[in-house]
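Please read the structure below before turning to the comments.
The values are calculated or read from the model by the stated rules, or taken from the named source; none is laboratory data. Computed from a prediction, not measured in an experiment: that's the story for all the values here. Neighbour counts run over all protein chains shown; Cβ positions are idealised from the backbone, glycine included. Side chains included, ligands, DNA and RNA excluded: accessible areas come from the protein's heavy atoms. Shrake-Rupley method; radii C 1.70, N 1.55, O 1.52, S 1.80 Å.
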Amino acid sequence: MSFAYALACRECGREYGLEPIFSCDFCFGPLEVSYDYDLIKDTMNVASIEAGPPTIWRYSPLLPVDPQYKVDIGTGYTPLIRADRLARAIGIDTLWIKNDTVNPTWSFKDRVVSMAIGKAREFGFEAMACASTGNLANSIAAHSAAAGMDCFVFIPDDLETGKVVGSGVYHPTLVTIDGSYDDVNRVCTELSYQRPWAFVNINVRPYYAEGSKTLAFETAEQLEWRAPDRVVAPMASGSLFTKIWKGFQELEKIGLIQNPTTKMSGAQAQGCSPIATAYEAGSMNFVPQKPDTIARSLAIGNPADGYYALKTMEQTGGGAAMASDVEILEAIQLLAETEGIFAETAGGVTVACLKKLVEQGAISKNEETVAYITGAGLKTIEAVSSEIRQPIHIQPKVEEFDAALEAYN
Ligand SMILES: *Cc1c(COP(=O)(O)O)cnc(C)c1O
Ligand SMILES: [Zn+2]
């Protein structure tokens, strides 16, 4: 069962029933799921978690979905890798990589979609739908296929081939729109009032967003039930970033970790950096931007949770940084060459910002840090294909190899 009992307005605190709604009728603030932590404390402990499946569903009591409605294609419980070679390269003592590239559709979005589709089934929606920068599209199409539900996916028309094919293969109704993600989102918001569909990041967004907490649950469990000193995570709408912090706080509420003092640092691409720009200006109000970056998965110019991301930085003593496209490409290579992990552009943003924050002294050398790598590199091959060294090409003869190798080195 789920221990969620209400939706509460993040601004005025008014409570609502667990319905497919997302904003407060009184103040238009966003709604968030509330849980009965005392009841959870009685049923959830280290032993019960360890007895659970090796997926996000091991933390079921802290999730909003009644397990009988879940669609489980094996999401979560991804590796937390000690990244000593990368740590040395950027000058930090203890660094971990949370490798979320290995989810079923190769990004962290499988975590949030798992929540959205479970709730949509519980509410009796006929179809799933979403506005997406690519990864969400892949994940919702896959989960809908596995659940046998209709699926409508709306994306900007200039996305990477990997993201388009990676949605199309599951056979959703795929719509490309001549515009940015923010245009796509506007169309979907209008459609959500007209169609009986669960728009994962609109009318079921409060439930969807809860999925990101599992990144904190897994990290704490993999660190043997403690929170790290520092987190570096990418920000698009800012939801994932704020929910990692909510996840650590919830573990404290149920007594699984002690007083988390994690400082939360957010990463954005310079070409779409409304949140990081506001942080650097010392403002809690971001100015929307028109995105222009290779980090398409993070290209949300008007971030729904931007304000809450800034609040999370303020509350935790964290901060933000931004990386140029050149720095993003260098960071993708650095992560691949030091740790054997091939990330998409969002991962490049995270590593580039981590490096910058260490260089600036904003992250000190002795802080135990976890960097979240949220999507796989094969999805954004276009970004790096001109960066890699040309292979040696030979006829099938050993002599040719010997000669060519000499010339190559
Ligand atoms: C969607 C996405 C994020 C972050 O999304 P938020 O909207 O900030 O929750 C991070 N990385 C990747 C690869 C994504 O697809
Ligand atoms: Zn309100």
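A few points about this structure:
To keep it simple, each residue is scored yes or no on (1) among the small types (Gly, Ala, Ser); (2) within 16 Å of ligand 1 (Cβ to nearest atom); (3) in contact with a strand residue (DSSP E or B) (Cβ under 7 Å, 6 or more places away or on another chain).
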{"site": "Phe3", "(1), (2), (3)": "no, no, yes"}
{"site": "Cys12", "(1), (2), (3)": "no, no, no"}
{"site": "Pro30", "(1), (2), (3)": "no, yes, yes"}
{"site": "Ile40", "(1), (2), (3)": "no, no, no"}
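- Test result for Val326, modelled with pLDDT of 95 or more, more than 23 Å from Ala281 (Cα to Cα) and assigned to a strand (DSSP E or B): no
- Criterion: surrounded by fewer than 24 Cβ atoms within 10 Å (Cβ to Cβ) and either touching a residue at least 60 places away in the same chain (Cβ under 8 Å) or farther than 28 Å from Val184 by Cβ (or both) - qualifying residue of Gly255, Gly271, Gly238, Gly306: Gly255
- Sub-7 Å Cβ pairs linking a first residue in region 11-31 that is under 19 Å from Phe199 (Cα atoms) to a second residue that is near ligand 2 (Cβ under 6 Å from one of its atoms) and among the β-branched types (Val, Ile, Thr), at least 6 apart or interchain, number zero.
One line per residue, one yes/no per condition, for (1) under 26 Å from Leu86 (Cα atoms); (2) without any contact (Cβ under 8 Å) to a residue 24 or more places away in the chain; (3) outside any helix (DSSP H, G or I):
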| position | (1), (2), (3) |
| --- | --- |
| Ile363 | yes, no, yes |
| Asn366 | yes, no, yes |
| Tyr372 | yes, no, yes |
| Glu382 | yes, no, no |
| Pro391 | yes, yes, yes |
| Gln395 | no, yes, yes |
| Glu399 | no, yes, no |
| Ala404 | no, yes, no |
| Ala407 | no, yes, no |
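- Subset tally (residues that are at pLDDT 95 or above and either over 24 Å from Leu18 (Cβ atoms) or among the aliphatic types (A, V, I, L, M) (or both)) for region 192-203: 1
- Residue in region 201-220 that is farthest from ligand 2 (Cβ to nearest atom), counting only those that are out of contact with any helix residue (DSSP H, G or I) (no Cβ under 7 Å at 6 or more places or on another chain) and of a type in the set (D, E, K, R): Glu218
- The residues of region 78-98 that are touching a Phe, Trp or Tyr at 6+ places or on another chain (Cβ under 9 Å) and touching a residue at least 24 places away in the same chain (Cβ under 8 Å), listed by number, are Thr78, Leu80, Ile81, Ala83, Ile97, Lys98.
- Some residue of region 181-188 being free of Cβ contacts under 8 Å to residues at least 40 places away in the same chain and open to solvent by less than 50 Å² (accessible area, probe 1.4 Å): no
- Region 282-318: number of residues that are within 16 Å of ligand 1 (Cβ to nearest atom) and not in a loop (DSSP other than H, G, I, E, B): 11
- Residues (of a type outside the set (Lys, Arg) and near ligand 2 (Cβ under 8 Å from one of its atoms)) located in region 1-22: Cys9, Glu11, Cys12, Gly13
- Hits in region 180-223 (condition: closer than 30 Å to Ile244 by Cβ and assigned to a loop (DSSP other than H, G, I, E, B)): Ser180, Val200, Asn201, Ile202, Asn203, Val204, Gly211, Ser212, Leu223
- The helices (runs of 4 or more DSSP H) falling completely within region 1-119 that include 1 or more residues that are among the β-branched types (Val, Ile, Thr) and farther than 20 Å from Thr214 by Cβ map to 84-90.
- Summed over region 357-386, residues that are surrounded by fewer than 20 Cβ atoms within 10 Å (Cβ to Cβ) and among the basic types (Lys, Arg) total 1.
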